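Quick note: the coordinates plus some simple rules give every number you see, no bench work behind them. Because the structure is predicted, anything quoted here is derived from the model rather than measured. Note that each Cβ is placed from the backbone with ideal geometry, even for glycine, and that neighbours are counted across all protein chains shown.
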Amino acid sequence: MADPKKQEKDFTKEVDALIAETTTLAASKKLQEALDKIYVLEKQTRNASDLKSTTRLVKEASELCYKARNFKLLNSNISSLSKKHGQLKAAIQAIVEQAYEWLEDIRKTQGTETWLELIETLRTVTEGKIFLETPRARVTLLLAHHHESIAAASTSPASRKETLQLASDLLSDLQVETYSSMDRREKTEFLLEQMRLLIALARLKDSDIGKEGKDSIGGGESEWVKVRVGGRKVNEEFLKDKANEDLKLKYYDMMIQYALYGSTYLDAAKYYHKVWETPSIKEDVNGRGREALEHIVYYVVLAPHDNEQSDMLHRLFADPALPKLELHYALVKCFTTPELMRWPGIEAIYGPHLRKTQVFTSEKLWEDLHTRVIEHNIRIVAQYYTRITLARLTSLLDLTQQQTEEILCRLVVSATVWARIDRPTGIVNFRNSRSAEDVMNDWSSDMQRLLGLVEKTWMGVNAAQAAQSRAIKAA
């Protein structure tokens, strides 16, 4: 395609006359003769850089082929016109967009095979052309959905995985985040479709190896990584617009799936919190709003303790919406109160309800809740005890000695608590031994505070005595 140049001549009258003539020829079943006449004039308009006339002619050629239901000729026409020497970009764009509008009708009336031929023609024409990146993305999306439907109908696991892989690869090859000609909403929709297909493929691969977990690069691990990368391309500020609530809910639903795959419960709680903040969800107090708030509670208590988790837990406890869920409010209160939680009691009070929920039907998540209760109890013990016997600690945690040591060691390694176990004496120390310098520094600080209090008290006594003496003199 040559660089655009100034129009040399206006062929409007010639084009008007030719279109009337070619329409008559096509109606007389002389399609090829009509196309030949169009091609002759199209060359003249193209060389003269008459964009309007060239666009009318190339669209008319495609229109005649479409109305004649000669789809092989239509494909050939689109391909040849787009390759003409010095063809105008706008003319190519016009015939591609024109053919895109026919795709749905062709699929319904002519069948999938003809539809696929036109799809491939359009993908070939648009390949490598920046000014056609948006039409190419739209056509590729249709093709990806076609392969996905084939995968859904397939009875062979290998064939299903192969077809779904093809559908995912087709969309993943599109770097739509860099497309300047595509509006933000459509761009976001494409990114979400990429993520959705990647998740579907990842779950299929995970099921093939009999697990949905980590540490298995042969499963869907690479797809899950791509999901996270795709999630970072989505502009979350754009999703806050009320008109984009449907996209926001789709996005956070997929991010929740990603977080749960990696057992990053705090991230899942954050994503549910974003969903809960959506006006339409928050207003549905007894429906989706209640469900979102319940899931925030579940996943924030399941998350390992750190500063961020503790902050979110306390902010959730202070939220005025939480007391409306009495059981969940009581559960959060247990984790925010510096008191021991005995697991048998927690299991008896909350177990019957929690085990019926979709979250805690999983044995892994129920065990994780048990672990968080134990970790909370160890932190509380570390606050109130400097030393405690291992037997007493074991009884407080309702565990065996081996389980107590394993969990305590894990908390020490993660720097959640400081502890040392003296095995010969069976004593756990929760306070680090202090050097003489640390002791002297603390003593010096205490003395400074004491002297400050003494000085403040002395000044107060002097002020009181002065006031009293003035009162006596006045009397």
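When each of the peptides 167-173, 244-250 is scored by how many other beta carbons lie within 10 Å of its residues on average, the order from highest to lowest is 167-173, 244-250. Each Lys and Arg adds +1 at its Cβ and each Asp and Glu adds -1 at its Cβ; summed about the Cα centre, the stretch 373-416 shows a dipole of about 160 debye. If only the Cβ of Lys and Arg carry +1 and only the Cβ of Asp and Glu carry -1, the dipole of the chain around its Cα centre is close to 580 debye.
The modelled label-to-label distance between Ala391 and Lys72, using points 7 Å beyond Cα along the C-beta direction, is 9.4 nm.
If you take the Cα centroid of the stretch 426-457 and the Cα centroid of the stretch 265-287, the two points sit 47 Å apart. Sequence-ordered 3J(HN,Hα) estimates for the stretch 357-374 from the Karplus curve with 6.51, -1.76 and 1.60 and θ = phi - 60° stand at 6, 5, 5, 8, 6, 6, 5, 4, 5, 5, 5, 5, 5, 4, 4, 5, 5, 5 Hz, glycine and proline given as x. Would the stretch 1-127 count as rounded, prolate or oblate if I go by the C-alpha gyration tensor, calling it rounded below 1.5 in a/c and otherwise prolate when a/b exceeds b/c, oblate otherwise? It comes out oblate by the Cα gyration axes.
Within the same chain, lysines fewer than 8 places from Lys9 are excluded, and of the rest, those with a Cα less than 26 Å from its Cα are Lys37, Lys43, Lys52, Lys59, Lys83, Lys84, Lys89.
At a threshold of 8 angstrom on Cα-Cα distance, excluding pairs fewer than six apart, so keeping six or more, what relative contact order does the stretch 46-189 reach in percent?
Numbers: 113 pairs, mean separation 25.5, N = 144.
Once divided by the residue count of the stretch 46-189, the mean separation gives 18 percent.
If the chain linking Lys108 and Lys129 were pulled fully straight, counting 0.36 nm for each residue of separation and taking away their Cα-Cα distance, it would gain 4.6 nm.
Normalising the average separation of contacting C-alpha pairs (under 8 angstrom, six or more residues apart) by the number of residues puts the relative contact order of the chain at 6 percent.
The residues Thr178, Thr22, Thr416, when put in order of fewest to most other Cβ atoms within 10 Å, stand as Thr178, Thr416, Thr22.
Note on the chain: dipole from Cβ charges, positive end direction compared against Val285, Leu260, Ser154; the farthest Cα belongs to Val285.
The order of the peptides 53-61, 460-468 by mean Cβ neighbours within 10 Å, most packed first, is 53-61, 460-468. Exposure proxy shown here: for Glu363, Glu277, Glu186, the number of other Cβ atoms within 10 Å sets the order, fewest to most, as Glu363, Glu277, Glu186. Here's the list of lysines a cross-link from Lys242 could span, going by alpha-carbon distance under 16 Å and ignoring same-chain residues fewer than 8 apart: Lys250, Lys274, Lys282.
The label-point distance for Leu453 and Met440, in a model that sets each label 7 Å from Cα toward Cβ, rounds to 2.5 nm.
Angle of helix 31-47 to the longest C-alpha principal axis of the chain, folded into 0 to 90 degrees and rounded to 10: 70°.
Once the Cβ-Cβ distance of Ile421 and Glu308 is raised to the sixth power relative to R0 = 25 Å, the FRET efficiency obtained is 0.30. Taking the 0 to 90 degree range and rounding to the nearest ten, how far is the long axis of helix 184-208 tilted relative to the main principal axis of the chain, both from C-alpha atoms? Once rounded, the angle reads 70 degrees.
Quick one: length gained pulling Arg232 to Lys364 fully straight, 0.36 nm per residue minus the C-alpha distance? Please list the in-between numbers first.
Values: separation 132, 0.36 × 132 = 47.52 nm, distance 2.85 nm.
Separation in residues times 0.36 nm, less the Cα-Cα distance, equals 44.7 nm.
Stretching the chain fully between Glu14 and Leu340 yields a gain of 108.2 nm (0.36 nm per residue, less the alpha carbon separation). Seen against the Cα atoms of the chain and their longest principal axis, helix 51-67 is set at about 80 degrees. Distance between the C-alpha centers of the stretch 380-404 and the stretch 19-97? Whole Å please. The stretch 380-404 and the stretch 19-97 have Cα centres separated by 85 Å. Specify which labelled value, from (1) 19, 45, 27, 9, 1; (2) 17, 32, 25, 16, 8, 2, 0; (3) 24, 57, 17, 1, 0, agrees with P(r) over Cα pairs in 20 Å bins from 0, in percent derived from the coordinates of the model shown. Recomputing P(r) over Cα pairs in 20 Å bins from 0, in percent here picks out (2).
Going by neighbour counts of Cβ atoms within 10 Å, the residues Cys65, Cys409, Cys334 line up, fewest first, as Cys409, Cys334, Cys65. Using the average count of surrounding beta-carbon atoms within 10 Å as a protection proxy, the listed peptides 228-236, 449-457 rank, highest first, as 228-236, 449-457.
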